[in-house]
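Below is one structure, written out as structure tokens, with a few remarks after it.
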Amino acid sequence: MGMSRRRALAGLGALGMAASLRPLQAAGDEIIRLNIPGPHLMPFFPLELIPVLGIDRELGVRLAIRHLPSGVLAAEDMLAGNADFAGTGLPILPNFIARHRDIVAIATLSSGAPPYGIVVRKALATKIRSLKDLRGHSVGVPMGSVSTKTYLQLLAEHWVSAHGVRPQEVRWVPITQNYEGVHGALAGEVADAVFCEEPNSGALVREGLGVRIASLYDPGNPVQLAGSTHIRAVLAAAPATLEARPQAPRKMVQMLRRALTWIHEVPREQIPLRLGIADAAQRADIVQALGRLPNFYSRDGRFDPAEIASTRLFMKSVGLSMPAGRDIATVIDARWLR
């Protein structure tokens, strides 16, 4: 059995075990539906921890989480009425606004430079030593829908452009955002390199599948991207949902804040354990990544003005724009963060 399949089965087993241990909900509990990319993607750990820690039950609700291949698809499915909230990237929200699909961010999950890296297949490591060498090669990245690029796709294109490689000079291969997707792309030689975040990039290197040639959060990175400290992951919703169910965003933000507080108070080894990640090596990858990124998670979900300014700069650099007369700050509804 391949490593990818063993990981998948281990993860499913852990999730099933966690579900069996969870007490039955009271009949009157309100259900809040949430879409996030994943499972087990670091920016969205605070949301995944809510039902595991029983925070939703403490507030008399049941948080029903559904995983989708990307943040774009999570948001699109939410806007289609299949969820109340979605975890996604802030910079992609203007694409929805441009298509007259109202969406707002109500809390932020992470802060600082996003933990992304590019990992090259080990067999090509002597040939592809830098981002400039990616010209003419294939790079795996989670891709969105026909009308909306994913946040990761925008960031990857921006990064290679900063190194003198036009996005059209790279063959972009669609992959899923979870570990099975990046692992399969390298192990199956579907792509020459993959663009992924921690802890996945570290796991690929540890397993001997690839070599990391660049890291966005590495202080030694020779090219500092415009807007490098932009807001990455947010909790988003449709304004119509917020007005129709005013208690839902209040409780959702309360739950998120309790999860963020827990993350900052416990030893980082507890985080993958409580998420039910059975594979010891995968847990170690996460713990090491968290150690390299001690300030990765927001402490209270608030939007920092400096990071909003950095997001404006990042959006301009990747060619994203708000409709005339609007600013990225207008897609933030921080009423429940006061």
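Read the figures in this text as sums done on the coordinates, not as results from a lab. Bear in mind the structure is a predicted one, so any value in this text is a computation, not a measurement. Reconstructed Cβ throughout: ideal geometry from the backbone, glycine too, with neighbour counts over all protein chains shown.
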Taking 0.36 nm per residue of separation between D304 and V205 and subtracting their Cα-Cα distance, the length gained on full extension comes to 32.3 nm
Candidates G202, G164, G184, ranked by Gaussian network fluctuation over the chain, Cα under 10 Å, top entry: G164
Cross-link partners among aspartates and glutamates for K149, C-alpha distance below 19 Å, same-chain residues fewer than 8 apart left out? E76, D77, D102, E157, E169, E197
Gap separating the Cα centres of region 284-331 and region 142-203, nearest whole Å: 19
Could you give log10 I(q)/I(0) at q = 0.06, 0.07 Å⁻¹ for the chain, computed by the Debye formula over C-alpha point scatterers of equal weight, without solvent? -0.20, -0.27
Residues with beta-carbon under 15 Å from that of S298, excluding S298: net charge, scoring Lys, Arg +1 and Asp, Glu -1? +1
Residues other than G227 with Cβ under 9 Å of its Cβ, Lys/Arg counted +1 and Asp/Glu -1, net out at +2
Most exposed first by the Cβ proxy, i.e. fewest other Cβ within 10 Å, how do V160, V182, V266 rank? V266, V160, V182
Could you check which residue among H183, H40, H100 shows the biggest mean-square fluctuation in a GNM of the chain with a 10 Å Cα cutoff? H100
Which of M322, L225, P39, positive extreme of dipole for the chain (C-beta unit charges): L225
